[in-house]
Amino acid sequence: MTATVGRQAQAAARANDVWKVYGSGEAQVIALRGVSAEFERGRFTAIMGPSGSGKSTLMHCLAGLDSVTRGTVMIGDTTVTGLNDSGLTKLRRDKVGFIFQQFNLLPTLTAQENILLPLSIAGRKADPAWYDTVIDTVGLRERLGHRPAQLSGGQQQRVACARALVARPEVIFADEPTGNLDSRSGAEVLNFLRNSVREHGQTIVMVTHDPTAAAYADRVVFLADGQIVSELIEPTADTVLDTMKKLDAPVEVGN
Amino acid sequence: MLRATLKSLLARKLRLLLSGLAVVLGVMFVSGAFVLTDTLGRSFDAVFADAYAEVDVNVAAKPKVELSETEGEQVAAPVPASLVERVKAVPGAADVQGVVAADGARLIGANGKVVTSFGPPQLGENWLGESDLVKLREGREPRADDEIVVNAALAKAANVKVGDRVGVLTLAPKKEFTLVGVFGYSGGRDSVGGANEVAFTTGVAQQLMLGKPDVFSNISARAADGTTPEALRDEVSRAVGGGYDVKTGEQLADDASAGLKEGLSFFNKILLGFAAVALLVGTFLILNTFSIIVAQRTRELALMRAIGASGRQVIGSVVLEAVAVGLIASVLGLAAGIGVGALLAYLFGKLAGGLSLAGLGVPPAAVIGAFAVGLVITVVAALLPALRAARIPPIAAMQDVATPDRPLTKVTVGGAVVTTIGAVLLFLGLSGNAGGNTLATILGGVLFAFIGVALLTPVISRPVVALLGAIFSWSVPGKLGRLNSGRNPRRTAITAAALMVGIALVTGVTVILDSAKGSISALAEDTIKAELVISGSASGPRPPSFDPAVLDKTAAIPGVQLVDGEYGDMATVGGERTWVAASSNVAALERIFGAKATAGDISRLAPDQMLLSSDTAKARNLSVGSTVPVQLSRGEARTYTVSGIYESSQLTNPVVLPPQAAADFAIPQPIQGFVQLAPGTSVGAVQPQVERLLADSPEVSVADRAAFIKQQTSQLDTPLRMIQILLALAIVIAVLGIINTLALSVLERTRELGLLRAIGLRRAQTMRMITVEAVVISIFGALLGVVVGTGLGAAVVRALKDEGITDLVLPWGQMVTFLVLAAIIGVVAAVLPAIRAARINVLGAIAHD
Ligand SMILES: Nc1ncnc2c1ncn2[C@@H]1O[C@H](COP(=O)(O)OP(=O)(O)O)[C@@H](O)[C@H]1O
Ligand SMILES: [Mg+2]
C-alpha cells in the first residue's frame, strides 16, 4: 500500500519504492520492502510501527544517513540516492535537521554554541529575528551559557530542537526525540515541535512508537515489517492506538 | 577474571600497541647498548689477541706518565737497545726482537692530506721481517733509510703504491720516503684492528718515533720449545731487573683490551642515559594510555565490581594487562635492540677503519635489562590508573559516565612539592654542596623537576591551552579542536609533558653549549691579540701539529711583530696529572693572551723556571719561589722553580714551561701558532706567506682570528649534534604519545564525531579539528619544554660561571625551530587519528554505544 498525498503541496521529502537489505544469505534482513511515501511541506508527520518494523531505517534512508538498496529518495528537489559523501554532507548541512533520541549535543560547547553549530559549520550567520523567536519558543534564554552536562534531559532535547530549527532546514528528522524523557518534558518537546510546524511552517518527520507522541502529528504513517500498512490524518492517541492494535493482531497470529 | 582481562586486552590491541611501542624503543636502547659494547669488547679482545699472537713475553719500560684511556694517548718509555742482548741471554728465550712501535706516524696521502684515523693508532715501526702473521704483498722490505713499507689498509686509504715518494710526519717534521713495499696480515686482512702502519728501518724508526737512537719501544721474545710463556716471563723479569714491565702476550692483550673497554663502558653509560630519557617519556605515555583505558572501561569495571569483583581483582586485571604489554614490549625491544646493536657495531667497525667484528653477542645484561626495564616501567606506569580503577564504585555501572572533572588540587600540590625537591637538588648539585654525589644529585634534580612540572602541567594547561587555542578559533573545526584539547587537562598534560622532556633536554643542552661558545668567543675576541692563527682541527685523539721551523720563518716575514708556538702535554706536576703548555715565546702570554701577573715576572722564563695560573697556584698551595718536580711524557723528571703567577682565565693553561721542555712532550711540535702583526700590516699580505711556509705541515692551516675562534667553538657542535640526535628519540616517543592520545580520544568520541558529521561537518573539517587538537597539545608541550629547558640550562650556566661560562646565550632561533617543529609534529601525529575520525560511519557512530 502506498501513502497518498493529502493536499497537493510539494513534498519536502519523498521515498520511491525504497528497499533496504542488511547482510546476505542466512543473516539477510530486509528492513524496508518497497516503501513509497511523500512528506509534505509544512506538515508534521509521524512514522509509527512496532519495534523492528523499519522506522529508523526509513528515517536514515530519507535523511541521507544510510544508503538504500533499491529505489530513490529525494529531499526537496535534490535526489539523495547516489550522492557521494561530500554531497551527502552538504545535503545534511543545508537541507536537513536532526534530533536524535539522546547524545544530541557536544559536551564541550554551551547550549547557544550547540544551537548555532550547524550554521557555523556551514559558515552561515543566523537570522537574528528567527534566532530570537526560536530561543523564546524553546524557552531557553536563561540557559544559553550552560553546558549540556548542566542541563536536564528535557532541556537538552529542547536545545537539540532549537539547533535543528535555527537553520530552517527543508525537513527535520526526529528519531524518538522523547524516548528518553519523562512524560512532562516529552510533552513540552512535542508541543514545541508542533508549534514550529503550525506557526512557522517547518516540515518535521518524527519516528516514534509512542501513540501519545504520534497524536501530536498532523498525519501518521504506519510501518509494519518494512512496509507502509496504514495512515491516519489528524490522529488522536486513541485512533493511533486502535490502528496499532489492528496491525499487531495478524503478527501475533503469525507467531 | 583472568579471561575477562585477556579478552579486554585483545579488544584493545591497537592502543596498547602504540603505548607498548614506547617501551619497545626504550628497551631497544638499553639492550642495544649492551649488545653493542659486548660485541665491540669481544672484537677488541680478538684484535689484541691477534696482535700479540706472536709474542710470548714482552719487556717494556714503565710509562713516564700513566694516562687513562680518556686522558689521552700514553707514551711508552723506551727501553735501551742493550737490554735486547740481556734478554737474548735468558735461557728459553727465542726470537728476541727490539721493537719500535709508537703512535703518531702520519702518512701524507696522494691528495696531499694526512690520512686520519678515528681511534685506531697510526703506528710507526721498525720492519721486523715477515712472519706467520705479517706477509709482504708487494715489493720488498725497507733497506735504506729513506725506504718504508706500509700496511695494505694504509696504502689503500692514502691511495699510494709501491715506488711512490711519500711524506710522513713523525716526531720530526715531514720527511720524504720511497714506498718499497705493502704488507698485509694472515687471512687476507689489510690491518689488525684498523691500525695504520708505517715501517721504517730500525735506526730511522728509533729516531723518528722515539726521538733517540739505540732505544726500543719494547722487546718481544718467544718461548723456546719446552718453556711456557709464564716461566720465560719470570726468567726475563729476573734478568732485566726492576723498572721494567715484563708480561706475557696474553697479559698484554688483556691490558690493551681493558684500556679500550674502559672507554667503551663510558660510551655504554651514555647510551643508557639516553635510554633512561626515552623510558621516562615512555612512562608518561603508558601512564596516559592506561588512564584512558581505565576511564573508558569505567562501566565495564563498575559492572565487575557490581557482580562481586573485589577492588584488588580490579587492580589485578589492570596490572595483568600491563604485565602482558610489558612482556611483549620487552621481547620486541630486545629483538630490536640486538638489531640496533649489531648495526651500530657494524658502523663503528667501518668508522674505525675496518675493525673485524667478533660474532654478535647478546650478554645476559641485555636480556635482564630488557625485561627488568620493560616490565618494571610498564607496571609502575599502570599502577596509578589501576588504583584509580579500584576506586570506581559499582554504582558507576548504572550511571551515565560523564567523566567527572576531578579537582586538580592534589596533583598541583604534589607537583609543587616535587618541583621544589627537584629545584633544591639542582641547587645543591650545581652549587657544589652535594658532597661526592654531584652528578647523581643533579640528575636526580632534573628527574624530580621533570616529574614535578609534569604534575603541574594540568593546571598550567588550562590558561596556556586556552591561549594557544585562541589562535585557531577563527574556524569552527579549529574551535572544536581547541575545546577538545582543553577537555581533559590531565590527558593533555601528560601527553604534552612527554614531549616536554625531550625538548627540555635538547634546549637545556643547547643553552649550555651555546653559552659556553658565546663566552669563549667573546673572551677570545676581547683578549687574543693575534691577527693570524695556525691550527688544525683534530680528527682523532692526537692534536694536529706543525714544523717548529715555521715559527722562526714566520717571525722573519716583514710586518710580523710577535710569533708564538704553543706546545702541550699531559704531565705529572707535583704528583698530579696536569695539562702543561710550553710557549716558544713566553712574552706572548701577556702580549697576545692578555694575561696579568699576580706575582713574580711572567714576561720571561729561564730553562728551569715555570709559570702557574692563579687557580693552579692556589689549589696546589704554591707561590713564587716554590719548587715543583715535573715528569713529562718523555725524559727524566725535572724540578722547576715557580717564577711567576698569572691570573686564570678561560684562555690560559694551568702551567707554562719554557720552550726547551717541549722536546720531552709526547708531541714535541707546536699544536697552535699565534701571529701578531705590527700596526698597519695587512693580514691579507702576510697570510699567504705563512700558508706557503706550512706546505710541509698539511695537518694545519693558517686562519685569521675570527675564523680561528669559530673553528675552536665549532668543536662543541659535534657533541651538540650527537646529543640532539639521541634526544630526538625521546621526541619520537612523545609523538607516539600524541598519536596514541588522539587515537584514543577519537575512539572515545565516536558518537560525537558521528553527530557532527550528521549535522554537516565535512570530512576535511573533521580532520582539521583533530589536527588542531594535536597541534595545540604539541605546541603546548614544546613551549613547556623550551621554558623548562631554558631554566635548567640557565641554572647550569650560572653554576659554571666560575668555569668561565660568563655569558648566558639563549638560542632563540632554536627555540622558534622547536615550536615550529612541534606544530609539524602535531600535524603529523594527527594524520592517522584524523583519517580515522573522518572515516567514521555516521550511522554507526550515532548507534554507537
Ligand atoms: N545495521 C543493521 N544490520 C542488520 N540489520 C539491521 C541493521 N539495522 C537495522 N536492522 C534490522 O532492520 C530491521 C529494522 O530496524 P529498525 O529500522 O531499527 O527498526 P525500528 O526503528 O522500527 O525499531 C530490524 O529487524 C533490525 O534488526
Ligand atoms: Mg528505532
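Some points to look at:
- Residue match in the range A:81-89 (condition: under 19 Å from residue B:842 (Cα atoms) and of a type in the set (Asp, Glu)): yes
- In the set B:96, B:90, B:75, only one residue is more than 30 Å from residue B:163 (Cα to Cα), open to solvent by less than 70 Å² (accessible area, probe 1.4 Å) and not in a loop (DSSP other than H, G, I, E, B); that residue is B:96.
- Test: residue in the range B:22-32 that is open to solvent by 40 Å² or more (accessible area, probe 1.4 Å) and either in a helix (DSSP H, G or I) or modelled with pLDDT under 80 (or both): no
- When residues in the range A:69-103 are screened for being buried (at least 17 other Cβ atoms within 10 Å of the Cβ) and facing chain B (nearest Cβ under 7 Å), 6 of them pass.
- Those residues of the range A:157-212 which are open to solvent by 10 Å² or more (accessible area, probe 1.4 Å), more than 14 Å from chain B (Cβ to nearest Cβ), within 16 Å of ligand 1 (Cβ to nearest atom) and in contact with a helix residue (DSSP H, G or I) (Cβ under 6 Å, 6 or more places away or on another chain), in sequence order: A:178, A:211
- Residue A:153 vs. criteria open to solvent by 20 Å² or more (accessible area, probe 1.4 Å) and modelled with pLDDT of 90 or more: no
- Condition check for residue A:112: more than 9 Å from every other protein chain (Cβ to nearest Cβ), in a helix (DSSP H, G or I) and open to solvent by less than 50 Å² (accessible area, probe 1.4 Å): no
- The listed residues are B:103, B:145, and the only one of them that is at pLDDT below 90 and open to solvent by 20 Å² or more (accessible area, probe 1.4 Å) turns out to be B:103.
- Sole residue being touching an Asp or Glu at 6+ places or on another chain (Cβ under 6 Å) and more than 16 Å from ligand 1 (Cβ to nearest atom), chosen from A:86, A:36, A:120: A:36
- The criterion of at least 2 residues that are among the hydroxyl-bearing types (Ser, Thr, Tyr) is met, among helices (runs of 4 or more DSSP H) falling completely within the range B:403-514, by B:409-430, B:438-470.
- Residue ranges of strands (runs of 3 or more DSSP E) in the range B:564-673 with at least 3 members at pLDDT 90 or above and among the polar types (S, T, N, Q): B:638-646
- Matching entry among B:772, B:732 (being modelled with pLDDT of 85 or more, of a type in the set (Val, Ile, Thr) and assigned to a helix (DSSP H, G or I)): B:772
- When the range B:175-212 is filtered for residues that are of a type in the set (D, E, K, R) and buried (at least 19 other Cβ atoms within 10 Å of the Cβ), the ones remaining, listed by number, are B:190, B:197.
- Residue that is farthest from ligand 2 (Cβ to nearest atom) [pool: residues in the range A:39-53 that are under 16 Å from residue A:247 (Cα atoms) and either open to solvent by 10 Å² or more (accessible area, probe 1.4 Å) or within 14 Å of chain B (Cβ to nearest Cβ) (or both)]: A:50
- Residue selected from the range B:702-719 under the condition in contact with an Asp or Glu (Cβ under 8 Å, 6 or more places away or on another chain) and either among the aromatic types (Phe, Trp, Tyr) or buried (at least 19 other Cβ atoms within 10 Å of the Cβ) (or both), by the criterion farthest from residue B:670 (Cα to Cα): B:709
- Any hit, the range B:62-74, residues being closer than 30 Å to residue B:576 by Cβ and at pLDDT 85 or above: no
- Qualifying residue in the range B:122-131 (condition: assigned to a loop (DSSP other than H, G, I, E, B) and among the acidic types (Asp, Glu)): yes
The values are calculated or read from the model by the stated rules, or taken from the named source; none is laboratory data. These numbers come from a predicted model, not from an experiment. Note: ideal-geometry Cβ built from the backbone for every residue, glycine included; neighbour counts use all protein chains shown. Note: accessible area is taken over every heavy atom of the protein model, side chains too, but ligands, DNA and RNA are not part of it. Shrake-Rupley method; radii C 1.70, N 1.55, O 1.52, S 1.80 Å.
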